[in-house]
Each structure stands twice: as structure tokens, then as C-alpha cells.
Amino acid sequence: MSESIARLVMRTTANNLPLSRDDRPYQWSTTTYCDTLNWSIFRAAQKGSAMQLRIREYHRTRPQGVMNPGAAWIEFKDDEEDTSLKERFGVSMDVARAFLRGEMALPDPDHGLAERAGRLLKDGARPVVVTQYNRLAYNSLDTAVRITADHNLMYFALPWEARDDNDHPSPLGSLLAMEPDVIVEMKWYGELPHWAIDLHAYLKENTREERPSKFIVAMRWLLGETDGAKKRKK
């Protein structure tokens, strides 16, 4: 949506929710997504059901590569048609690298989404695309309502040859696309408060169309299958 509409939405949000404790305002979020050689995760995601494996980093200035030394978050996300389940592990980047190499780097790796992610790695899943953006995030204290606005969203390729076993950051590949608008997302569980019901209705009225996930958009740009968030080419 346009900057002016997003500004109005986030002003209303700020009047009702505190800033997220996990997301510093406007810091750079860099997310590296994995897929297999035959793009099985992407193909499943387009059908509405996929297990995503991604590595997230946060920086004050935009990094020129991924897998930088410091803190990282390994995230597993299981998307179904009407539900989404996510597990998140805060680790050092050394641990994240070890996990991507298939090593037993996480606690209890044989249970939950971690076990499924391990199977994807055995099937050849490796980092392939990257998103970078500035995020402004608010959520309720019980995390039942979360509203985010992403600015300067960019999609990058990550060359296969960048995925070696050394401990150096992997440089970003080609810039695939950059979103001209602000991406606002509203997530919740349970019953929405009245102000949030009105805000959600306003968002629907002022949103051109339902957007697919950042991973799907990035992969479509990578494979040349679409003009970003628009419908796929036939």
C-alpha cells in the first residue's frame, strides 16, 4: 500500500499497541530462505502448504552479505491453507551454519518442525534467495495481535556457489526486485478488539489484492515466473 495509507494505519496501531520487544524500529532485517534443487519447497508453497526453513539476521545498517558473524535466528514455518505454525531458535551464526551443513546443532533436533527441516536439508535444501527490509512492528503484550510495516523491501538471489562450508559471510547476488510500496501485515489469534476489527476492514478496502508470502514472491522473481506478487505467467 502507499506510504500515506501505511502511515495512517501505523499511527492507529501505535495508539493501541506497544512496539514489539523483538523488533527494533527500522533496523534492517535480512532473511535467507532455503529450497531444494528441484524447488520443492516453493512448489509446495504455491499450493498453500509448505515447510519453510529460513535464517534471520538483524543489523543497524544494511549488510552486503548473509550469514554474518553474531546472532542469528533459525526459523521453521509450517504453512497450511488456514493455519501457520512457527518455531524460532536464537543461536550464534556458527550454530546456524552448522545446522545448514546437516550437523546436530539444535536441542531436540528429532522432534517438531526441526525434524522436518532436517529432512529437507538431507534432500539438498540450501540458501537460495534473500529478503531485506526495514520493519516497524507492534504487538499486544500477550502477542495475540501483531501488526508490521515493512519499508524498502528488496529481493536478492543468492548464488549456489556462495553456499560453501567456510565461515565467511556469503555475498548477496543480483537484486531481483524492490517493492515500491509499504507491506503491512496484520496477524492475530482469538477475538479482535473493536479498533482492530475496524482497522482490518480499512486494510481490506485499501489493499489491491491479497499478497503471497515474501518467500513466494522472491522465488517467482528468481525463476522468472511472474512479475512479483502478480499472478503467475501461464
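Tabulated data
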{"read-out": "Residues with amide H under 5 Å from that of Gln27, placed H, sequence gap 5 or more", "value": "Arg135"}
{"read-out": "Computed helical MRE - 222 nm, the chain, DSSP H runs ≥ 4 contributing -39500 (n - 2.57), nearest 500", "value": "-7500 deg cm²/dmol"}
{"read-out": "Projected-area average for the chain over all orientations - Cα convex hull basis, square nanometres", "value": "12.8"}
{"read-out": "Among Val182, Leu199, Ile147 the positive-end extreme of the charge dipole of segment 3-223 (Cβ point charges)", "value": "Val182"}
{"read-out": "Entries of Lys47/Lys214; Lys187/Lys214; Lys86/Lys204; Lys47/Lys204; Lys47/Lys77; Lys86/Lys214 with Cα pairs more than 19 Å apart", "value": "Lys86/Lys204; Lys47/Lys204"}
{"read-out": "Relative packing of peptides 170-177, 128-135 - highest average C-beta neighbours within 10 Å first", "value": "128-135, 170-177"}
{"read-out": "Net charge contributed by nearby residues that have their C-beta within less than 12 Å of Met154 (K/R +1, D/E -1)", "value": "0"}
{"read-out": "Relative packing of peptides 91-101, 202-212 - highest average C-beta neighbours within 10 Å first", "value": "91-101, 202-212"}
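Quick note: the coordinates plus some simple rules give every number you see, no bench work behind them. All of these numbers come straight from a predicted model, not from anything done at the bench. Heads up, the Cβs are rebuilt from the backbone with ideal geometry, glycines too, and the neighbour counts pull from every protein chain shown.
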